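Q: Have a look at this one before I ask anything.
The values are calculated or read from the model by the stated rules, or taken from the named source; none is laboratory data. Worth saying up front: this structure is predicted, and the values here are computed from it rather than measured. Positions of Cβ are backbone-derived with ideal geometry, glycine not excepted, and every protein chain shown enters the neighbour counts. Accessible surface areas use protein heavy atoms only, side chains included; no ligands, DNA or RNA. Shrake-Rupley method; radii C 1.70, N 1.55, O 1.52, S 1.80 Å.
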Amino acid sequence: MPLSGVAQTEPTEQQDSVQLVMDSLRREVQELKLKEMMMQHVLDSTGRSAREDSMRQALRQQQIDSLRKITPGVPVIVEGDTLFNIYASLGGEGPLHRAENIAYKVKQLGKSLRTTTDSVFVFNSELTSDIMCGEVVVMRVSELDGLWAGKSRQELARDRMATIDATIAQLQKEYGLKAKLYGLCWAVVLIVLQILFFILTSRFIAWLRREIAGGLRGRLRSLVVKGYELLNLQQVKRILFILARILQAVLVVLQLFISLPTLFIIFPETEKFTWNMIYYVWEPLRDIVVTTVHYFPNLVKIAVIIYVVRWLLRGIRHLSSEIEAGRLKLDSFYQDWAQPTYHIIRIFIIAFTLIIVWPLLPGSDSGIFQGVSIFVAALFSLGSSVSIGNLVSGIIITYMRPFLVGDFVQIGEHEGTVIEKNSFTTRLRDIKENIITVPNNSILSQTTVNYTAAVRQAGGTIVHSDFTFTYKVFREQIEPLLLEAAGRCELLLKTPPPFVLVTQLEDFYTRYQINAYTTESQRLFEVYSELHKNILDVFRENNLEPTSSHFVKVNQ
């Protein structure tokens, strides 16, 4: 019995151990299946996400491709060159601001006066690829930038890095410390050369002036044209001195015009200013040349018109000179009309010439030209009304001929000899040698008495003086005394003889008037003085005393 029990126990233990192994294997298989299922789930999820991301990226790329056709982007411009364009924003910073910052940093690094420049490299982070130069972040490149460029972020960053690196190197070559030292050396050389040119020019002009002062070693002569010495030797030397001074100024200006732009071109910072300065000088010269070439046909027309008008005026002036000299006589046309008529015709011819030439002038059809013309005309008309009145009065006086130069006249309150007649005024010289200027406009509004004209036309002018005597003195006694006083005057004519008029019978006295002829119209004050002296002497000799006397003179 015991033996059989032992035998049963052993198989049971073996079965338990096998069962345990089987259970363990079964659990491991289940775990493996679970892991497999989890891994399959993860794989399925990852693939689906990747496919979705790929689809989203393709859709975004398609949208960017369509926007690229209508969006030019913001260029990054350095020294007038466009490096590349910025399309996308980054971190709240728009394309315009990004482009300006990139250009500023590139120029700042390129124009640095350091002898060495840090190398440019790309630092890739999780979200952006940074293009750096030393510790300076020149540009950040995002995935969106890559999509706009049709490249990956890393590829676009490498391309932009190469462009920026080349630009910085070029700027260093132009603006770096070596370039500055090189340009400074050339500037010093140019300044020294310019000083030497100034010294040589000054010495050359000084030598030329000495040669001119010495008569150019005896070869300098006076300028003689057909036997007439137009310029003597001193005048020729003076003109040559002036020409030498002009030559010196031209040489100095020419040297400065060449050296100053060259000096500014040496340094890139001032090169733009140099070209602007040359442009400001060249453009007006070019416009003048082009305008002159285009204007040449009109210039020829104007020259022909002026030439014809000039000879026409010469012919009219010759006729007026002949008439004025009396060699050419025209009916009812006085000699003294010749010059005023010539000037009037000359004004009308010149005005007519201006009317013809005006449309041919450059810019005559421009609004500014016409506006200035209207302004000048209005200013002239408003400011010269009195002058125009005097001018018109002068023309009227010329053709009315109330007096001539040399006549003794009375104009209003003024008496004197006419010494000048012009378009605006008439000048008199009175007996006290004072010069009196009378506007022509006032002459027409006043009474004018010409004593010389009476002498010229009637053979003499009458001077007279009034005296009164009481009725107790008989006329037969007074008249012979007045005639005797007039006969004593040397400045009075004997033929026609003097005569006495009884002009008025007053309440208590009789008025007598002595009249006599004289040709001394320029000496009327002397004539009256002599007549009055003689009358007083005659009355005193005959013990007569006038009741009252009035001294007047009129033209008969």
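Q: Kindly evaluate Glu283 against the criterion of being closer than 30 Å to Pro362 by Cα, open to solvent by less than 60 Å² (accessible area, probe 1.4 Å) and part of a helix (DSSP H, G or I).
A: Yes; evaluated as a whole, the condition is true for this residue.
Q: Applying the selection to region 431-460, what residues are under 51 Å from the mean Cα position of the chain (by Cα), not hydroxyl-bearing (Ser, Thr, Tyr) and not in a loop (DSSP other than H, G, I, E, B)?
A: Ile435, Ile436, Val438, Pro439, Asn440, Asn441, Ile443, Leu444
Q: What are the residues in region 266-275 that are open to solvent by less than 60 Å² (accessible area, probe 1.4 Å) and either in a helix (DSSP H, G or I) or at pLDDT 75 or above (or both), if any?
A: Listed by number, the residues that qualify are Ile266, Pro268, Thr270, Thr274.
Q: Right, another one. With respect to Leu171, is the statement that it is within 30 Å of Ile266 (Cβ to Cβ), assigned to a helix (DSSP H, G or I) and open to solvent by less than 20 Å² (accessible area, probe 1.4 Å) true?
A: yes
Q: Restricting to region 505-537, count the residues that are more than 17 Å from Lys432 (Cα to Cα), open to solvent by 50 Å² or more (accessible area, probe 1.4 Å) and either among the hydroxyl-bearing types (Ser, Thr, Tyr) or in a helix (DSSP H, G or I) (or both).
A: Going through region 505-537 one residue at a time, the tally reaches 6.
Q: Moving on to the next point. If you take the residues in region 487-496 that are open to solvent by 50 Å² or more (accessible area, probe 1.4 Å) and touching a helix residue (DSSP H, G or I) at 6+ places or on another chain (Cβ under 8 Å), which one is nearest to Glu520 (Cα to Cα)?
A: Filtering region 487-496 for residues that are open to solvent by 50 Å² or more (accessible area, probe 1.4 Å) and touching a helix residue (DSSP H, G or I) at 6+ places or on another chain (Cβ under 8 Å), the one nearest to Glu520 (Cα to Cα) comes out as Glu490.
Q: Filtering region 142-160 down to residues that are aliphatic (A, V, I, L, M) and either open to solvent by 30 Å² or more (accessible area, probe 1.4 Å) or within 55 Å of the chain's Cα centre (by Cα) (or both), which residue is farthest from Gln172 (Cα to Cα)?
A: Leu144
Q: While we're on this one: Does Glu126 satisfy the criteria of being touching a helix residue (DSSP H, G or I) at 6+ places or on another chain (Cβ under 9 Å) and over 30 Å from Glu174 (Cβ atoms)?
A: Here the answer is no, as Glu126 does not meet what is asked.
Q: Inside region 280-303, can you point out the residues that are touching a residue at least 12 places away in the same chain (Cβ under 8 Å) and over 15 Å from Pro359 (Cβ atoms)?
A: Scanning region 280-303 gives Val281, Thr291.
Listed here are the residues, each with its yes/no results for (1) on the phi < 0 side of the Ramachandran plot; (2) of a type in the set (Asp, Glu).
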site	(1), (2)
Gly459	no, no
Ser465	yes, no
Thr468	yes, no
Arg475	yes, no
Glu479	yes, yes
Glu484	yes, yes
Glu490	yes, yes
Leu493	yes, no
Leu501	yes, no
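Q: Test Glu479 against the criterion of being of a type outside the set (Gly, Ala, Ser), open to solvent by 20 Å² or more (accessible area, probe 1.4 Å) and in contact with a helix residue (DSSP H, G or I) (Cβ under 6 Å, 6 or more places away or on another chain), and give yes or no.
A: Here the answer is no, as Glu479 does not meet what is asked.
Q: How about region 108-130: which of its residues are modelled with pLDDT of 85 or more and either small (Gly, Ala, Ser) or open to solvent by 70 Å² or more (accessible area, probe 1.4 Å) (or both)?
A: Matches in region 108-130: Phe121, Phe123, Asn124, Ser129.
Conditions (1) over 37 Å from the mean Cα position of the chain (by Cα); (2) at positive phi; (3) assigned to a strand (DSSP E or B), marked per residue:
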position	(1), (2), (3)
Arg209	no, no, no
Arg221	yes, no, no
Leu230	yes, no, yes
Leu247	no, no, no
